1. Classify the stretch A:1-106 as rounded, prolate or oblate, taking a ≥ b ≥ c as the square roots of the eigenvalues of its Cα gyration tensor: rounded when a/c is under 1.5, otherwise prolate if a/b is larger than b/c and oblate if not.
2. ³J(HN,Hα) across the stretch B:77-88 via Karplus (A = 6.51, B = -1.76, C = 1.60, θ = phi - 60°), whole Hz, x for Gly/Pro?
3. Of the DSSP beta bridges with both residues in chain B, give the percent that are antiparallel, rounding to the nearest 5.
4. Quick one: which residues, 5 or more positions from B:PHE4 or on another chain, have an amide H under 5 Å from its amide H? H modelled 1.01 Å from N in the peptide plane, none for Pro or chain starts.
5. Starting at the first residue of the stretch B:21-37, write each ³J(HN,Hα) from the Karplus equation 6.51 cos²θ - 1.76 cosθ + 1.60 with θ = phi - 60°, in whole Hz, x for Gly and Pro.
6. Among B:ILE63, B:LEU157, A:CYS167, flag the residue with its Cα farthest along the positive direction of the charge dipole of the protein assembly as shown, charges on Cβ as +1 for Lys/Arg and -1 for Asp/Glu.
7. Give the order of A:LEU79, A:LEU24, A:LEU2, B:LEU22 when sorted by the count of other beta carbons within 10 angstrom, beginning with the fewest.
8. Per DSSP H run of at least 4 residues, take -39500 (n - 2.57); add these up for the protein assembly as shown, divide by its residues and hand me the 222 nm value, nearest 500 deg cm²/dmol.
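What follows is calculated from the coordinates using simple rules that are stated; it is not laboratory data. On a predicted model such as this, the values are computed, not experimentally measured, just so you know. Ideal geometry is used to build each Cβ from the backbone, glycine not excepted, and the neighbour counts take in all protein chains shown.
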Amino acid sequence: MLPAFFSSFQSERIKLRRSLLGWLILCGGSFVPAIMLAVRIRRQQQLPAWHRLGIFWEKHWTESWESLSIMILPLMVVLLTTLILQVEYRNNTWKQVHASPQTWGTIFSAKLAVVLLALLELFVVINLGLYLAGALPSLLVSAGGTTSSPIPWLRLLGRNAHYFIECLPIVAIQFMLALRFRNFLVPVGVGVAGWILSLVLIDTDYNFLIPYNYTGIDYLISTAHRSGQNLPASLWVLACGSFAVLTLASYALYSRQADKG
Amino acid sequence: MSEFAIETIGLSHRFTPADAVLQGIHLQVPAGSLYGFLGPNGAGKTTTLRLVLGLLRCQEGSIRVFGEPLESQRVALLRRIGSSIESPSLYAHLSAAENLAVWQRVFGCPARRVGEVLHQVGLSGTGGKAAGQFSLGMKQRLGLAVALLHQPELLILDEPTNGLDPHGILEMRDLLLQLNRDHGTTILVSSHLLSEVERLVTHVGIISRGRLKFQGPLASLAERQQALGRLTVHTSDNPGAFELLIGTGRSACLEQGRVLVQGVSPIEAGAINQQLVASGFTVLELTPVGRDLEHQFFDLIGN
């Protein structure tokens, strides 16, 4: 089973060569860091005080992740998932995939793994961009001083892990839609609608019902803007649980599809 | 080893309750044969091929490939099958070699096979050109290359010569004949190019409106034609010739001023000519009707 999975995974990665996926990850992941770089250079007078207090990276991180968690991540997951699954529809190659010696489970899991890897690559680009947005001002602008604040690696990695897990329900929903519908407007439209709805609910006690902004809810809780007491369980449990249920449902729908041409 | 590479028993399929696309298809593709699957548009050829490849769930009947049930042995059987259904399935943004590399990983065949099949189909010089920029003929060749990559025992090709020029059609035919002759590859070809199929195949299946009208060796189709062969006779006195032939027990009719004689073999045509001449008729024309596959095909689908 594992050798077949890895072979399928490799073939899925080859299919994405020369596609827009790389540019999407690069541009989407660099968007907020680029803005933050401009902000840091524009407000360079803040930097020496933050570094003296040793809180530069904490402040930099918190400010950057507000828009990332609430806006960029959910929308990027919608676009990444749709783009990856659209490769087969756009090229009319589903019939060749389904006529190849692979189980439905291998095909499904390999494609899901590619989506998760792309999400991981997005996180890498974001974090790299945020580091450069924090470190470059000190090189470009003399008034910024040196970045003497230590980087709280473990805390930042922990926050990244939180946000990654909280993106998983969106991955599952978008994966199910993009797998099922040939027209890319369906998953993108549902994804954007879901995100807007989650924004409407984000500051209410029902915000956990729409999983499109678990990352935003986590941000608000971590910055003490909301208590999180309305949540029936921790966001991690909600995210992992809904991801598992939605992925199983997605696989059931996919494997039982009568026409796989 | 099973006698048949593909065998379907009572295969039926409906896309809607009112639309029976296939009705009781008993397809039998002998192992090692070159099987031509013929039928007009909408007859059910592609639906049959998609069922055989597991792209459609089998609603009624059974499908066996190499003697094994498709439903339970799908993955193992697909490893022995190469296919190209409808239009070639190619990733337009990838080069020819990259397209093959996708499937080389899936099939687990050696990487050198990519270069080998590209050479085999005449696409070695395409380099980094994206497949989306290929001509229709080149895309058709690349689709065939994908099907040949893992050296399958069974090839299922849907309209493989579509888009090829006459030279390309000739090369495709030679390649398929060579695969069948040298490797014993069973090849199932669906096509509308009746003249090409006639020159290529050893067995024929003719489908019309979801029913298999004929199936068997090409030679038996020729024998059928001889048994059902017709002869157009034009003489100096067609009504008189008609009376003579009817009088000798022939099945004949007058059609458009000429005598049409039913069930005439080539030897009998000569005998009819001698009979008419001996009776004083001047034979102006003696034309066999419907000896080729095309006439057979239209006879069968018309019935």
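1. prolate
2. Each residue of the stretch B:77-88 in turn: 6, 5, 5, 9, 10, x, 8, 8, 10, 6, 6, x Hz.
3. Details: 34 of 52 bridges.
Here the share of antiparallel DSSP bridges comes out near 65 percent.
4. For B:PHE4, whose amide H was placed from the backbone, the distant partners under 5 Å are B:ALA31.
5. Karplus values, whole Hz, x for Gly and Pro: 7, 10, 9, x, 7, 10, 7, 9, 9, x, 4, x, 8, 10, 10, x, 9.
6. A:CYS167
7. Ranking A:LEU79, A:LEU24, A:LEU2, B:LEU22 by Cβ neighbours within 10 Å, fewest first, gives A:LEU2, A:LEU24, A:LEU79, B:LEU22.
8. About -17500 deg cm²/dmol.
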